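Participant: The structure is given below, and queries will be raised subsequently.
Here, each number is a calculation from the coordinates, and none is a lab measurement. Worth saying up front: this structure is predicted, and the values here are computed from it rather than measured. FYI the Cβ positions are ideal-geometry reconstructions off the backbone, even for glycines, and counts take in every protein chain you see.
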Amino acid sequence: MSLIHPTAIIGKEVEIGSNNEIGPYVVIENRVKIGSDNKFLSHTCICSGTEIGDSNEFHIGSVIGNRPQDRAFNGAPTNTKIGNHNTIREYVTIHRGTKEGTATVIGNHNFIMAYCHIAHNCILGEQITMVNGASLAGYCMIEDDAFLSGMTVFHQFTKIGRLAIISAFSAVNLDVPPFMMCGGRGAVVHGPNVVGLRRAGIPAETRDELKRAYKILFCSELSRTNALNEIEQTCKSREVKHLIEFTRNSKRGICHGEHSRKSESVRF
């Protein structure tokens, strides 16, 4: 049994699990699936095609699964999928996919603070923090444990690597490699995310390897290809292998280092 306030509006073909709390003036549109133990505070709007797992909190005025802000959207049925144990704070907006059958996907244990925006077809992993006002354009992909500081903006199709941290007020239009600190307008890499790595329990030997990898990739005169080959020969940890794979597979290209002359031309 779920506790549903009498002023809440529930649409058709809505599936609601057990022990949910649905507060005053909450709107749940047609074709929504909700798991168990979720809390929906007043004036939350859950739009058509949204699927929600268990033990999430949606705070006042959040809008989940609304139509995408995309001129290409033609009204086709699309989805928003929310995992488990997420906190969605006040007035967050998360939009559903654009093309038929696609979805915006939010994983588990994420903390999305007030006024953040997650556009259509974004994919978020787990344990991600988005601070107030951070905004993702369409098709962004955020790996686990990333930290996006307040008032940051991200170009469409941008990818943010695991345990990366982005400083406040940054504008990001290239991929941010995993385990790195990045910031500015346009954003550049400043070094490994040492504090985040330590808090995540990454061993000291691996942190040292990531520091060496950073120096080779961003501070040497080697080309990107030769730098990655050099890193591959000298650093063997799983984390460094992920850094190499991420960089090689980047379609937009990764952010430049802060000392690179190329970084001077990378602007919005």
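Participant: What share of all Cα pairs of region 101-149, in percent, falls into each consecutive 5 Å distance bin?
Facilitator: 7, 23, 32, 30, 6, 2, 0
Participant: Using only Cα atoms, tell me the angle between helix 204-214 and the longest principal axis of the chain; keep it within 0 to 90° and round to the nearest 10.
Facilitator: So the helix axis and the longest Cα principal axis differ by about 70 degrees.
Participant: Turning to a different aspect of this structure: Give Lys12/Lys39; Lys211/Lys241; Lys39/Lys81; Lys159/Lys236 a once-over and call out the pairs whose C-alpha atoms are over 18 Å from each other.
Facilitator: Among Lys12/Lys39; Lys211/Lys241; Lys39/Lys81; Lys159/Lys236, the Cα-Cα distance tops 18 Å for Lys12/Lys39; Lys159/Lys236.
Participant: Hey, what angle do you get for helix 224-234 against the long axis of the chain, alpha-carbon based, 0 to 90 degrees rounded to 10?
Facilitator: Approximately 80 degrees, to the nearest 10.
Participant: Further question on the same structure: What are the ³J(HN,Hα) couplings of region 188-195, residue after residue, when phi is run through the Karplus curve with 6.51, -1.76, 1.60 and θ = phi - 60°? Round to Hz, x for glycine and proline.
Facilitator: 10, 7, 9, x, x, 7, 4, 5
Participant: What distance in nm lies between label points placed 7 Å from Cα along the C-beta direction at Glu221 and Phe157?
Facilitator: With each label point 7 Å from Cα toward Cβ, the separation is 3.4 nm.
Participant: Here is a further query. Could you tell me the largest-minus-smallest coordinate of the C-alpha atoms of region 1-91 on each of the three principal axes, in descending order and whole angstroms?
Facilitator: The Cα atoms of region 1-91 stretch 39, 26, 25 Å along their principal axes.
Participant: Let me ask you something else. Using the alpha-carbon atoms, what tilt in degrees (0 to 90, nearest 10) does helix 238-249 show relative to the longest principal axis of the chain?
Facilitator: 90 degrees
Participant: By a straight-distance test (C-alpha under 13 Å), which aspartates and glutamates pair with Lys99 as possible cross-link partners, with residues fewer than eight away in the same chain excluded?
Facilitator: Asp70
Participant: Taking a ≥ b ≥ c as the square roots of the eigenvalues of the Cα gyration tensor of region 63-120, is the shape rounded (a/c under 1.5), prolate (a/b larger than b/c) or oblate?
Facilitator: It comes out oblate by the Cα gyration axes.
Participant: Hey, could you grab the Kirkwood Rh for region 1-159? Inverse mean 1/r over distinct alpha carbon pairs, Å, one decimal. Before the final figure, lay out each step's value.
Facilitator: Working: mean 1/r = 0.0658 Å⁻¹.
Computed over Cα pairs of region 1-159, the Kirkwood hydrodynamic radius comes out at 15.2 Å.
Participant: Send over the Kirkwood Rh of the chain, from the inverse of the averaged 1/r over different Cα pairs, rounded to one decimal Å.
Facilitator: Evaluated over the chain, this radius sits at 19.3 Å.
Participant: Under the Kirkwood approximation for Rh and a Cα-based Rg, what ratio Rg/Rh is obtained for region 133-193?
Facilitator: Details: Rg = 9.7 Å, Rh = 10.8 Å.
Using only Cα positions, Rg/Rh for region 133-193 is 0.90.
Participant: Most mobile of Lys215, Lys236, Lys159 per a Gaussian network model of the chain (Cα springs, under 10 Å)?
Facilitator: Evaluated over the chain, the most mobile residue of the options is Lys236.
Participant: Got a sec? How would Cys255, Cys140, Cys219 order by Cβ neighbour count within 10 Å, fewest to most? Intermediate results must be reported in sequence, preceding the final value.
Facilitator: Values: Cys255 30, Cys140 21, Cys219 14.
Least to most surrounded, the residues fall as Cys219, Cys140, Cys255.
Participant: Still on this structure: Dividing the Cα convex hull volume of region 110-244 by residue count, how many Å³ per residue is that?
Facilitator: It comes to 96 Å³ per residue, whole-number rounded.
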